[in-house]
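Worksheet for the structure shown next.
The values are calculated or read from the model by the stated rules, or taken from the named source; none is laboratory data. Everything quoted here is computed from the prediction, not taken from an experiment. Ideal geometry is used to build each Cβ from the backbone, glycine not excepted, and the neighbour counts take in all protein chains shown.
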């Protein structure tokens with residue numbers, strides 16, 4: 001597993017982000033209501049949703065199989081089923097799809113990570129927290145960069161935190177990749193190493209309280225020259241993140 005500024009973004013005050021706004025009325029906590037035509041333009045690539053495109057979903061399945069296979073992993077059900085609680089992001093350069101990630105909200109069926117780590121995730125739920133997860137993260141290393149990863153994760157932040165009011169983000173990763181997520185995004189190890197049945201390989205559960213992301217973005221967003229080693233400094237400025245809550249809305253006509 002692995003991991004623009006929105007030039008047309010509407011202005012908003014930085015203070016509007018912290019604390020994060022409550023989810024707007026149309027945004028159900030267990031299902032996405034997003035603008036399927038949303039496109040996040042960067043200098044040489046773009047990020048969009050894949051739910052509405054069978055072509056994109058087939059391309060991302062091929063990418064996932066290739067990237068995971070190169071690490072000796074086998075992906076079961078590479079073409080993932082559509083589910084209202086999951087949003088599939090893809091990064092493309094021209095017609096070439098080189099990155100993907102799925103954000104899943106908690107729902108009646110739970111999270112995929114519940115299969116191995118329900119006790120750990122239930123302990124967070126029991127505190128009245130709202131949980132979500134990142135799955136099926138794959139980026140072709142030929143095209144990957146800190147900018148790409150930061151762009152994808154800032155969309156995860158906007159969708160999970162600013163639009164849906166989530167408080168905690170989980171991800172299952174191979175143990176040898178855990179250090180990267182801890183250093184660059186501030187994840188904490190939340191569950192012991194187990195064999196993930198979806199890829200037939202070891203995994204550990206990582207947990208990111210989104211208040212930590214709030215603070216890091218408030219301090220570092222839009223400051224790529226900072227000497228701090230994290231991905232947050234490569235994120236768009238705060239006012240652009242706030243504007244993304246509008247462009248991601250189904251009512252937007254962003255492209």
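I need a count of the residues in the range 232-248 that are part of a loop (DSSP other than H, G, I, E, B) and surrounded by 22 or more Cβ atoms within 10 Å (Cβ to Cβ).
Result for the range 232-248: 3.
On the given criteria, is residue 111 farther than 30 Å from residue 224 by Cβ and within 15 Å of the chain's Cα centre (by Cα)?
Answer is yes for this residue.
Identify the single condition in (1) crowded, with 22+ Cβ neighbours inside 10 Å; (2) part of a helix (DSSP H, G or I); (3) at pLDDT 95 or above that residue 169 does not satisfy, given that it satisfies every other one.
(2)
When only residues in the range 149-165 that are surrounded by 19 or more Cβ atoms within 10 Å (Cβ to Cβ) and more than 12 Å from the chain's Cα centre (by Cα) count, which is farthest from residue 241 (Cα to Cα)?
Within the range 149-165, the match that is farthest from residue 241 (Cα to Cα) is 164.
Would a scan of the range 218-231 turn up a residue that is more than 21 Å from residue 115 (Cα to Cα), surrounded by fewer than 16 Cβ atoms within 10 Å (Cβ to Cβ) and within 19 Å of the chain's Cα centre (by Cα)?
yes
Working only within the range 51-76, note down all residues that are modelled with pLDDT of 85 or more and part of a loop (DSSP other than H, G, I, E, B).
none
Take the range 173-187 and flag every residue that is in contact with a helix residue (DSSP H, G or I) (Cβ under 7 Å, 6 or more places away or on another chain) and either modelled with pLDDT under 95 or part of a strand (DSSP E or B) (or both).
173
When you go through 217, 206 one by one, which is the residue that is closer than 20 Å to residue 145 by Cα and in contact with a helix residue (DSSP H, G or I) (Cβ under 6 Å, 6 or more places away or on another chain)?
One residue alone meets the criteria, 217.
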